[in-house]
1. May I ask you to list the residues in region 38-54 that are assigned to a helix (DSSP H, G or I), out of contact with any helix residue (DSSP H, G or I) (no Cβ under 9 Å at 6 or more places or on another chain) and under 26 Å from GLY9 (Cβ atoms)?
2. Out of all the residues in region 55-71, which are touching a Lys or Arg at 6+ places or on another chain (Cβ under 9 Å) and either surrounded by 17 or more Cβ atoms within 10 Å (Cβ to Cβ) or assigned to a loop (DSSP other than H, G, I, E, B) (or both)?
3. State yes or no: is MET79 in contact (Cβ under 8 Å) with a residue 24 or more places away in the chain, among the aliphatic types (A, V, I, L, M) and open to solvent by less than 60 Å² (accessible area, probe 1.4 Å)?
4. Looking only at region 3-20, which residues are under 19 Å from LYS87 (Cβ atoms) and either open to solvent by 40 Å² or more (accessible area, probe 1.4 Å) or assigned to a helix (DSSP H, G or I) (or both)?
5. Taking the residues in region 25-54 that are acidic (Asp, Glu) and either surrounded by fewer than 14 Cβ atoms within 10 Å (Cβ to Cβ) or touching a Phe, Trp or Tyr at 6+ places or on another chain (Cβ under 7 Å) (or both) as candidates, determine which candidate is farthest from ARG76 (Cα to Cα).
6. So, in region 33-76, how many residues would count as being of a type in the set (S, T, N, Q) and either in contact (Cβ under 8 Å) with a residue 24 or more places away in the chain or touching a Pro at 6+ places or on another chain (Cβ under 9 Å) (or both)?
Amino acid sequence: VACHAVEPGKNGIGPSLAGVAGAKAASVAAFSYSDALRNSGLTWDDATMDKWLEAPMKTVPGTRMSYAGMPDPAKRQEMIAYLKTLK
């Protein structure tokens, strides 16, 4: 909540998460991403989101996302299911 909004077009410290599932990484036009994420070539499918949520800084070294990660696989799956509802 402090970093990301779920409303389309509303960015915070991080980009809006609306429509993130299935999108290419660093695809919100009105947001300034790190070069590392912009050049990552990632697409936010289930496997990539799971890896990212577990350890974003290990998944994309040089990312600006200062989130330590979510070690619990069940909680990551709940988060992924939620993110897939955001349109």
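The values are calculated or read from the model by the stated rules, or taken from the named source; none is laboratory data. Everything numeric here is computed off the predicted structure, so don't read it as measured data. When we count neighbours, we look across all protein chains shown, and the Cβ atoms used for this are built from the backbone with ideal geometry, even at glycine. Just so you know, the surface numbers come from the protein's heavy atoms only, side chains and all, with ligands and any DNA or RNA stripped out. Shrake-Rupley method; radii C 1.70, N 1.55, O 1.52, S 1.80 Å.
1. Start the filter on region 38-54 by keeping residues that are assigned to a helix (DSSP H, G or I), which leaves 38, 46-54.
Then keep just the ones that are out of contact with any helix residue (DSSP H, G or I) (no Cβ under 9 Å at 6 or more places or on another chain); that gives 38, 47.
Across region 38-54, the qualifying residue is only ARG38.
2. THR59, GLY69, MET70
3. Considered against the rule, which asks whether it is in contact (Cβ under 8 Å) with a residue 24 or more places away in the chain, among the aliphatic types (A, V, I, L, M) and open to solvent by less than 60 Å² (accessible area, probe 1.4 Å), MET79 comes out as no.
4. Taking region 3-20 and keeping what is under 19 Å from LYS87 (Cβ atoms), we get 4-12, 14-20.
Listed by number, the residues that qualify are HIS4, VAL6, GLU7, PRO8, GLY9, LYS10, ASN11, GLY12, LEU17.
5. Pass one, region 25-54, residues acidic (Asp, Glu): 35, 45-46, 50, 54.
With the extra rule that they be either surrounded by fewer than 14 Cβ atoms within 10 Å (Cβ to Cβ) or touching a Phe, Trp or Tyr at 6+ places or on another chain (Cβ under 7 Å) (or both), the set shrinks to 35, 45.
Details: ASP35: 25, ASP45: 13 Å.
Residue satisfying both the conditions and the ranking: ASP35.
6. Step one: of region 33-76, the residues of a type in the set (S, T, N, Q) are 34, 39-40, 43, 48, 59, 63, 66.
The next check asks that each one be either in contact (Cβ under 8 Å) with a residue 24 or more places away in the chain or touching a Pro at 6+ places or on another chain (Cβ under 9 Å) (or both); those that pass are 34, 63, 66.
Matching residues across region 33-76 total 3.
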